[in-house]
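Below is one structure, written out as structure tokens; comments come after it.
The values are calculated or read from the model by the stated rules, or taken from the named source; none is laboratory data. For clarity, every value in this text was computed on a predicted model and none was experimentally measured. Glycine gets a Cβ as well: all are built from the backbone with ideal geometry, and neighbour counts include every protein chain shown.
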Amino acid sequence: MKETRDMETEKSGVGVEENTTDSEDILRDIRITTVMIVAHLVITALFCWLAVTIIDHTLTGVIVGIIAWSLILFKTPVWDWCFINTKANWVVIMANQTTYDVVPSKLADRTDVESFPLRSMREVGPGIRGKLPWEVRSAELNLESEIVIGNKSSGSPLKCVTGNEIEVFVVWQVILTPLRGYLVNFIRQDETAVKAYFSGQFEQAILTWVKGQDEGGIAGKLSDLRLAFEHVFGGPNEVHPQERKNGTFTGDPQINSYARNAEFQQAAQAGQVAQRLQVVVQTVNAAFGEGVKPDPNVVLAAAAGLTGKPLEGVLIIPGLTGKDPKSIAALAMAAQNKQTQNKGK
């Protein structure tokens, strides 16, 4: 997994992990590796001392002692008993065959955000690491693996209901990756369960936020929704307890799009057109002056022109306007104003 969070950030609230390198698994890995290296250096020194004592020549004895222990280390199973070489960007979960995990007998011994620890398993990072002779490989994880959750690729937006009971649809996406230091928790559950948990949490956050807004104001607050969505699990510089519990990092939460219900969108557009037509009709009627009632055909044609409807195909039949010069002039002026507006755009 590529480092995308600053693990050195200070705690800023409940549920923030100060530094994942302080996880118990990583500290155990460092301790065991250090012990194994020191132990083999001591054994090498002991072999050198014995060789010097027998040969009675310091340089020759040291060389013989190093060669003797190297042969034992690399030509016998000793190396495999004491060390493990993990390739880059991979992690190995080691199982201790002499340790038993005990489920806490009291509920008070368990926290709300972490499962009881597994002492029989630990995480070993990339490179040459120390191991105990009675530890065996249990699982291997690719740190660059990714699990994509959300509805961006499925084409099925999340249906939400606003505070004023209007349906809207939201498209979102989050990338889940392994969280170093807590990968023992990652292998304790199925990938489907991990996806279901995080999908549920993110969708609930969206539903709750949308429910607290009126539909008319959501479009202007999408930046607030995106910010809230990014902080469902603490934000980009924090590691949430639930992320540690699941051994999963929630990277780059995204709100991709927002849309109204199709029927509501059509109704809203129709309402806007109706309001505009009302203003246009009032304007055309005012152009005739008081006491003059224009032909409805003229009013509708003028309204169509001013609201963006094409005038092509509108047939003005002589007599329908009552041969009123003012009616003809109003229609011509409406069309001319519309053409001027179009050129100005």
query = Somewhere in the stretch 113-121, is a residue at pLDDT below 90 and under 23 Å from the mean Cα position of the chain (by Cα)?
reply = yes
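How many of the residues in the stretch 144-161 are surrounded by 19 or more Cβ atoms within 10 Å (Cβ to Cβ) and either more than 15 Å from residue 200 (Cα to Cα) or under 16 Å from the mean Cα position of the chain (by Cα) (or both)?
Matching residues across the stretch 144-161 total 2.
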message = Filter the stretch 144-157 down to the residues that are part of a loop (DSSP other than H, G, I, E, B) and either without any contact (Cβ under 8 Å) to a residue 40 or more places away in the chain or closer than 11 Å to residue 176 by Cα (or both) and list them by number.
response = 144, 145, 146, 151, 153, 154, 155, 156
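To keep it simple, each residue is scored yes or no on (1) over 25 Å from residue 27 (Cα atoms); (2) modelled with pLDDT of 90 or more.
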position	(1), (2)
161	yes, no
178	no, yes
189	no, no
210	yes, no
219	yes, no
237	no, no
245	no, no
ask   = Based on what the data block shows, is residue 229 part of a helix (DSSP H, G or I) and either on the phi > 0 side of the Ramachandran plot or in contact with a Pro (Cβ under 6 Å, 6 or more places away or on another chain) (or both)?
value = yes
